[in-house]
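Engineer: Here it is: the structure, laid out below.
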Amino acid sequence: MYPAPRKTRLAVWKFASCDGCQLSLLDCEDALLELAEVLEFAYFPEALSRPVRGRYALSLVEGSISTPKDAERIRAVRRRSDHLVTLGACATAGGIQALRNFAAAGEFVAAVYAHPQYIATLEHSSAISAHVPVDFELRGCPVNKLQLLEVISAFLRGRRPAIPAYSLCIECKSRAHTCVLVATRQACLGPVTQAGCGAICPGCHRGCYGCFGPQETPNTTALSDALAALGVSRAALQRLYRTFNADAPAFRRESERHGE
């Protein structure tokens with residue numbers, strides 16, 4: 001008998017995050033059984049009690065780098081991984097915790113902890129790509145599980161993942177949603193946000209919050225001008241760009257443009 005083909009080793013890592021993107025993988029349910037035929041889940045503390053040590057063909061990384069220890073650990077992960085894919089807003093843009101990047105982190109530490117001298121933290125919460133080379137970034141808060149399966153499948157087959165880079169407005173149009181920006185004059189980041197969520201918020205008659213980060217060519221200046229014409233204040237515009245992807249370059253620059 002021929003020996004069974006060796007399975008591809010997959011590792012899933014967590015840094016500063018809420019675990020939502022890892023749960024998106026677990027939420028794949030039946031698809032995980034099919035993946036298990038070709039993948040060995042070698043390291044996945046969220047789901048495995050006994051990790052397999054060694055080298056990994058593909059590492060999926062959730063979370064931002066917020067401490068010196070995290071910065072050291074992600075370099076070790078990169079050395080042990082043939083390919084590394086970052087998952088979600090925290091790993092690709094620093095996450096909601098990157099709001100501290102616009103202030104002095106030391107002030108927050110002093111306000112929260114009774115003995116701040118024992119807290120080791122970096123001044124900024126940063127994306128994984130700021131510390132190590134990344135092979136692909138999958139955005140979202142959390143990531144879309146179908147897109148996640150596409151990314152895993154693409155790396156198994158040695159091709160580029162087919163993830164859309166166009167704006168959320170395309171998804172809105174394909175679902176025949178009424179444009180909340182035009183019809184109800186609500187602030188909406190859809191024109192500058194990457195598609196991926198299925199236009200959930202506009203489908204509920206709410207503006208997009210930008211969970212999937214900037215689309216490929218976001219014209220944030222034009223959107224801000226349009227929102228300002230609707231009466232949105234500079235302070236409100238700044239808050240609009242400072243949510244889940246506050247440190248994504250396009251959103252960060254636009255929010256700073258509306259600072260005091």
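Engineer: Pick from the stretch 151-169 the residues that are within 20 Å of the chain's Cα centre (by Cα) and part of a helix (DSSP H, G or I): which of them is nearest to Gly210 (Cα to Cα)?
Structural biologist: Leu168
Here's the yes/no breakdown for (1) surrounded by fewer than 17 Cβ atoms within 10 Å (Cβ to Cβ); (2) at pLDDT 95 or above:
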{"residue": "Pro5", "(1), (2)": "yes, no"}
{"residue": "Thr8", "(1), (2)": "no, no"}
{"residue": "Phe15", "(1), (2)": "no, yes"}
{"residue": "Glu29", "(1), (2)": "yes, no"}
{"residue": "Leu32", "(1), (2)": "yes, no"}
{"residue": "Leu35", "(1), (2)": "no, no"}
{"residue": "Val38", "(1), (2)": "yes, no"}
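Engineer: Tell me, yes or no, whether the stretch 230-241 has at least one residue that is surrounded by 21 or more Cβ atoms within 10 Å (Cβ to Cβ) and more than 16 Å from Arg257 (Cβ to Cβ).
Structural biologist: So far as the stretch 230-241 goes, no, none of its residues is surrounded by 21 or more Cβ atoms within 10 Å (Cβ to Cβ) and more than 16 Å from Arg257 (Cβ to Cβ).
Engineer: Hey, can you tell me all the residues within the stretch 96-113 that are small (Gly, Ala, Ser) and under 17 Å from the mean Cα position of the chain (by Cα)?
Structural biologist: Ala98
Engineer: Could you check, for the stretch 132-148, whether at least one of its residues is farther than 23 Å from Thr8 by Cα, touching a residue at least 40 places away in the same chain (Cβ under 8 Å) and in a strand (DSSP E or B)? Write out each step before concluding.
Structural biologist: Filtering the stretch 132-148 for residues farther than 23 Å from Thr8 by Cα gives 139-142.
If we keep only those that are touching a residue at least 40 places away in the same chain (Cβ under 8 Å) too, we end up with 139-142.
Right, trim to in a strand (DSSP E or B) and you get 140.
Checked the stretch 132-148: at least one residue is farther than 23 Å from Thr8 by Cα, touching a residue at least 40 places away in the same chain (Cβ under 8 Å) and in a strand (DSSP E or B).
Engineer: Out of the residues in the stretch 176-225 that are surrounded by fewer than 16 Cβ atoms within 10 Å (Cβ to Cβ) and polar (S, T, N, Q), which is farthest from Tyr166 (Cα to Cα)?
Structural biologist: This residue is Thr184.
Engineer: In the stretch 53-70, which residues are under 18 Å from the mean Cα position of the chain (by Cα) and among the aliphatic types (A, V, I, L, M)?
Structural biologist: Of everything in the stretch 53-70, those that are under 18 Å from the mean Cα position of the chain (by Cα) and among the aliphatic types (A, V, I, L, M) turn out to be Leu58, Leu60, Val61, Ile65.
Engineer: Hey, another quick one. Name every residue in the stretch 175-200 that is free of Cβ contacts under 8 Å to residues at least 12 places away in the same chain and either acidic (Asp, Glu) or not in a loop (DSSP other than H, G, I, E, B) (or both), in order of residue number.
Structural biologist: Val182, Ala183, Ile200
Engineer: Filter the stretch 143-172 for residues that are of a type in the set (Lys, Arg) and under 19 Å from Phe41 (Cα atoms); which is surrounded by the most Cβ atoms within 10 Å (Cβ to Cβ)?
Structural biologist: Out of the qualifying residues, it is Lys145.
Engineer: Is it the case that Ala98 is outside the structural domain of Cys197 (by TED's automatic domain parsing) and either closer than 27 Å to Gly203 by Cβ or surrounded by fewer than 22 Cβ atoms within 10 Å (Cβ to Cβ) (or both)?
Structural biologist: The answer is no for Ala98.
The values are calculated or read from the model by the stated rules, or taken from the named source; none is laboratory data. The structure presented is a predicted model; accordingly, all values stated were derived computationally and were not measured. All Cβ positions, glycine included, derive from the backbone under ideal geometry; neighbour counts span all protein chains shown.
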